[in-house]
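Take a look at the structure set out below.
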Amino acid sequence: MHVLTHPKQFVTHRWIGRQPNRWWVAILLLLLIAWPAHAQDDTAYIQNMLDTQDVISLPAGKYYISSPLMIGEKMFKGEGKKETEIVAIAPMPYMLKASSNAKISDMYFNGNVSAEWGILYPGGNGSHTVSVRVRFCTKAGFVLGNTQNSFFMDCDSYDNLVCYALYNHAANNTFIACDANTNWTLSEPGGAFITAPDNVDARHILMAYKIDPNLPAPQSQKNRHNRFIAGIYERDMGNLYSIEMSYAEANNSFIGIEVTGGCEPDKPQEALIYLAQGNATFYDCKLNHDGGKTAIVDGGYLKIDKTCIGGGLGGSSGQGASFFPKVDVRPGGDSNAMDYWNGKESSNTRDFSGGMGSWHGSSGGVLVWDEVKRRLHLTSTSPNHGAAVSLKAMSLNLNTEPWVKVSFVLDNILPTNAVVRLQGWNGSYWSTLNTFTGNGEHTMTLKLPVDVGELRLSLDQAGTMEIVHFDYKLYGAFIYDD
């Protein structure tokens with residue numbers, strides 16, 4: 001007796017020769033061929049291996065899970081991050097939870113616009129993750145909560161909507177050659193097609209304190225001593241920050257990484273890097289952006305080593321390369337962006353950004369940060385030369401005829417006919433470099449007096465004005481860090 005073992009065999013054996021039924025045959029064949037592969041559920045199969053084996057090897061192929069997996073102090077490996085793929089087929093908070101000393105390698109976690117997070121490391125210590133890719137999670141790729149002394153190498157986080165790594169009290173973790181982007185589009189065969197809206201607050205690296213039931217309670221460490229080495233972080237959506245350190249503590253370092261993004265000059269809350277507390281250092285990094293700011297320092301201390309390269313000639317789109325990052329330092333923050341460039345570095349076309357935290361009241365000027373408008377408000381308490389703010393620069397040793405190009409935006413100058421002076425300090429007194437009146441943008445190129453160490457804006461009479469933006473570029477100067 002002939003036994004039929006598959007529906008397709010039944011179709012061809014019984015109906016294929018019947019003329020009236022051929023259109024039904026075609027439809028049924030198409031349905032069978034297009035039957036979704038993820039009708040299978042491999043969750044129990046994989047979890048059983050994770051529970052019963054010390055070394056779990058997952059051959060190449062696609063595996064489908066409907067709920068999160070858990071791994072203890074085991075080794076979980078596939079045959080490559082393009083060959084072994086685990087796909088989420090139902091909503092879940094994360095795809096895999098890893099304990100201390102777990103080792104994960106050579107596989108691809110596909111959130112499939114169903115999982116919120118890729119891999120969660122809650123309260124772990126000494127985990128190793130190598131050659132792992134996480135994509136299409138609705139929130140983050142790798143999530144560290146109270147995680148310490150863990151190691152990540154060649155781990156990619158592409159197309160996750162919020163960020164690459166979410167830190168919640170994590171310390172002494174190392175990321176080497178880990179890449180990310182936030183270009184959120186899923187268009188695989190049979191998959192959903194989703195493009196992220198432009199207002200999604202995407203970051204690549206987020207050091208934050210987040211209250212979430214999937215994260216353990218915070219401990220003593222506050223995101224400190226984490227190292228990122230030789231990774232590439234590309235932000236394609238052009239909003240907020242690529243790296244946000246809103247809850248960082250001490251000595252987070254970035255070495256040889258490349259960060260790119262689409263921050264725009266007319267968006268004051270936008271930059272490649274944001275620091276709210278603690279300290280962070282960038283060594284030998286490439287910080288490229290289409291325009292706007294390299295970094296915003298609202299608190300803590302940001303150090304950008306002189307080996308770092310900025311982008312877009314101080315952030316201006318289409319202007320070519322520049323060696324100086326463009327940093328906005330606000331009250332409560334500090335940065336070396338203005339004064340680190342030592343060793344007699346040549347400065348023919350270097351751009352300095354007048355971070356707001358670099359300013360101070362001078363000669364009777366009272367300076368207040370306007371939190372709503374995000375600008376400085378200057379009040380003149382004396383007529384003529386009495387009201388000033390000063391942008392502190394290094395003492396300059398000038399062995400050529402140096403020039404400076406200054407660009408700034410002023411607003412709400414009162415009285416409206418007040419004369420504003422751009423002045424330079426020559427070591428003994430302030431000399432006037434130029435005068436002008438009126439709100440708006442002012443740009444001028446002029447020769448600097450010998451040994452000018454500071455620039456300032458001052459009103460010729462008692463009054464007020466708002467400083468929206470200020471930067472200057474030096475030509476033909478040698479800079480010393482005194």
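The values are calculated or read from the model by the stated rules, or taken from the named source; none is laboratory data. Keep in mind that this is a model prediction, so the values were computed, not measured. FYI the Cβ positions are ideal-geometry reconstructions off the backbone, even for glycines, and counts take in every protein chain you see.
Restricting Gly261, Gly292 to residues that are more than 21 Å from Asp179 (Cβ to Cβ), buried (at least 24 other Cβ atoms within 10 Å of the Cβ) and either of a type in the set (Lys, Arg) or modelled with pLDDT under 85 (or both) narrows the list to Gly292.
Among the numbered conditions (1) at pLDDT 75 or above; (2) not in a strand (DSSP E or B), the only one that Leu422 does not meet is (2). Restricting Phe136, Phe151, Phe109, Phe76 to residues that are closer than 24 Å to Asn181 by Cβ, modelled with pLDDT of 95 or more, crowded, with 21+ Cβ neighbours inside 10 Å and of a type outside the set (Lys, Arg) narrows the list to Phe109. Pull up segment 214-258, narrow it to residues that are among the acidic types (Asp, Glu) and under 15 Å from the mean Cα position of the chain (by Cα), then point me to the one that is modelled with the lowest pLDDT. Taking the candidates together, the pick is Asp236.
Checked against (1) touching a Gly at 6+ places or on another chain (Cβ under 7 Å); (2) in contact (Cβ under 8 Å) with a residue 60 or more places away in the chain; (3) crowded, with 24+ Cβ neighbours inside 10 Å, Trp117 passes all but condition (1).
When Asn168, Asn172, Asn149 are screened for being polar (S, T, N, Q), under 20 Å from Ile257 (Cα atoms) and in the same structural domain as Leu240 (by TED's automatic domain parsing), only Asn172 passes. The strands (runs of 3 or more DSSP E) found entirely in segment 125-184 that carry 3 or more residues being on the phi < 0 side of the Ramachandran plot and under 18 Å from the mean Cα position of the chain (by Cα) are 140-145, 156-158, 163-168, 174-176.
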